[in-house]
Amino acid sequence: DLAGDQINEQPAVAVTPISASAYKVVGGANVPPREWLGFDHYIRKFMSCTVAPGGVGKSSNAITEAVSMAIGKDLLNNNQPFNKPARVWYFNLEDPYLELQRRCEACLQHFGLTQDDIGDRLLVDSGRDQTLIVAKELERQVTIVEPVVDSLSAEIKRLAIDVLIIDPFVAAHTVSENSNEHINVVSNIFKAIADETSCSIELIHHTRKLSGQDATAEDARGASGLVGAARSVRAISRVAKDAVERHGIRDDHRRFFFFGDGKSNLTPPPDNNSWRRLASVPLNNASEDYPLGDEIGVVESYTPPDPFDGIGGYQLKQVQTCMVKGDKRCRKSAQSNDWLGYLIAEVCDLETSQKPDRARISKIIKVWLENEAIVEDTVKDRSRHDVPGYIVGNYAE
């Protein structure tokens, strides 16, 4: 009973005695499997959580995932099919419906989808039009807003909703974020709804200020009760600027994010931290008053390029040949006009004036050193002085 989760002094009431149940072996093959609905994160009858700092793209990510589950294909993984399409309700409690419409239309347009693809399986609502406050704090006591909870449960059942995404969690209650007791009450409300309605409930939550550090589940803002109650927790972090440049990427680093250390009690550990990118999608909705129209960020999968894309043994051999023939551009210092990076840039058609290309060149030098294709040594500068530099190691074949 959700009403029994209130934190306040309650008069003594009759309770059903607790009893222990003997376990009966049925055999593993006779136990129904977990009902995964998508992304190794959404699971029927469980509550999950995604935590991220502001402005990274967690809402856009939620929309792309919602559309993916609605069409039954993973738009972020080469359209790999899910078990079946799901009915997904994305309830954004902060933004107006018109803004949600822009994001949904941009997502559908970007992936070439139509109404026929989503059918009636994508439901979208705004907290500006209807409130969704499941618990309130009055005089340091938590009161469950039972009419809202009952209405939410009834609507999930009526429409056979498979996935409910609440964005953000903080707007679904007015209790103290820093109280584990109070946050536990709110978490238990959503867990009970998920169980009662056979729905997967995803709560999107903010992190505390991270000062540039990658996010983890433990960085969720406020009390730890929410993260502790969720079965699957993901943490979204923005890819650091130097990491973007190191891959030779010239796009704004703020377009890229990845899923880092979270908490997953039911899923196997991921093979790697996959990058995602906010693609800029024009809606072509220019008007007389707003001639530029809107460009909306849509989350898509992204594999960062290898610094050695297009660079192999042929280019290494060319660099080594130049070094052996006495090319003075073999110094270690990147501040020198004779830095080895300038020779590599010439051979590999890279731009040393671009920070991403310079970062890529530094990565190439590091790998060649590790492979002993070049080795550190003293070399003669143009004035015949000994200076730190590189000489040829193992010749490329």
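Checking the stated criteria, Asp357 turns out not to satisfy the condition of being acidic (Asp, Glu), out of contact with any helix residue (DSSP H, G or I) (no Cβ under 8 Å at 6 or more places or on another chain) and open to solvent by less than 40 Å² (accessible area, probe 1.4 Å). Which of (1) at pLDDT 95 or above; (2) within 40 Å of the chain's Cα centre (by Cα); (3) under 11 Å from Val319 (Cβ atoms) does Val375 not meet, given it meets every other one? Evaluating Val375 over (1) at pLDDT 95 or above; (2) within 40 Å of the chain's Cα centre (by Cα); (3) under 11 Å from Val319 (Cβ atoms) leaves (3) as the failure. Exactly one residue out of Ala20, Ala29 is exposed (fewer than 10 other Cβ atoms within 10 Å of the Cβ) and not in a loop (DSSP other than H, G, I, E, B), and it is Ala29. The test for being of a type outside the set (A, V, I, L, M, F, W, C), open to solvent by 40 Å² or more (accessible area, probe 1.4 Å), out of contact with any Phe, Trp or Tyr (no Cβ under 6 Å at 6 or more places or on another chain) and assigned to a helix (DSSP H, G or I) does not hold for Gln130. For the stretch 136-152, the candidate set comprises residues that are closer than 16 Å to Leu203 by Cβ and touching a residue at least 24 places away in the same chain (Cβ under 8 Å); within that set, the residue that is surrounded by the fewest Cβ atoms within 10 Å (Cβ to Cβ) is Val149. Within the stretch 315-330, the residues that satisfy the criterion of being open to solvent by 30 Å² or more (accessible area, probe 1.4 Å) and in contact (Cβ under 8 Å) with a residue 60 or more places away in the chain are Lys317, Val324. One residue stands out in the stretch 296-314 among those that are open to solvent by less than 20 Å² (accessible area, probe 1.4 Å) and within 14 Å of the chain's Cα centre (by Cα): the one that is farthest from Ile236 (Cα to Cα), namely Val298. Considering the conditions (1) surrounded by fewer than 18 Cβ atoms within 10 Å (Cβ to Cβ); (2) in a helix (DSSP H, G or I); (3) touching a strand residue (DSSP E or B) at 6+ places or on another chain (Cβ under 9 Å), Asp116 is excluded by exactly one of them, (3).
Sort out for me the strands (runs of 3 or more DSSP E) sitting completely within the stretch 135-174 that have 3 or more residues that are within 22 Å of Gly38 (Cβ to Cβ).
163-167
Please give the number of the condition Leu278 fails out of (1) touching a helix residue (DSSP H, G or I) at 6+ places or on another chain (Cβ under 8 Å); (2) within 30 Å of Ala215 (Cα to Cα); (3) at pLDDT below 95. In the conditions (1) touching a helix residue (DSSP H, G or I) at 6+ places or on another chain (Cβ under 8 Å); (2) within 30 Å of Ala215 (Cα to Cα); (3) at pLDDT below 95, Leu278 misses (3) alone. Considering Ile193, Ile236, the condition of being assigned to a strand (DSSP E or B) and surrounded by fewer than 24 Cβ atoms within 10 Å (Cβ to Cβ) is satisfied by Ile236 alone.
When restricted to residues that are under 19 Å from the mean Cα position of the chain (by Cα) and open to solvent by 30 Å² or more (accessible area, probe 1.4 Å), the stretch 248-257 contains 5. Considering the stretch 273-295, the residues that are polar (S, T, N, Q) and over 19 Å from Gly55 (Cα atoms) include one that is farthest from the chain's Cα centre (by Cα), namely Ser287. When Arg87, Arg103, Arg121 are screened for being at pLDDT 95 or above, in contact with a Pro (Cβ under 6 Å, 6 or more places away or on another chain) and open to solvent by 10 Å² or more (accessible area, probe 1.4 Å), only Arg121 passes. Evaluated against (1) in contact with a His (Cβ under 7 Å, 6 or more places away or on another chain); (2) modelled with pLDDT of 95 or more, Val51 falls short on exactly one condition, (2).
Of the residues screened, Phe91 is not one that is touching a Leu at 6+ places or on another chain (Cβ under 8 Å) and within 21 Å of Ala279 (Cα to Cα).
When the stretch 153-172 is filtered for residues that are in contact (Cβ under 8 Å) with a residue 60 or more places away in the chain, small (Gly, Ala, Ser) and surrounded by fewer than 20 Cβ atoms within 10 Å (Cβ to Cβ), the ones remaining, listed by number, are Ala160, Ala171.
The values are calculated or read from the model by the stated rules, or taken from the named source; none is laboratory data. None of these values were measured; they are calculated from a predicted model. Don't worry about glycine lacking a Cβ; one is built from the backbone with ideal geometry, like all the others, and counts go over all protein chains shown. Please note that ligands, DNA and RNA were not included when accessible areas were found on the heavy atoms of the full protein model with its side chains. Shrake-Rupley method; radii C 1.70, N 1.55, O 1.52, S 1.80 Å.
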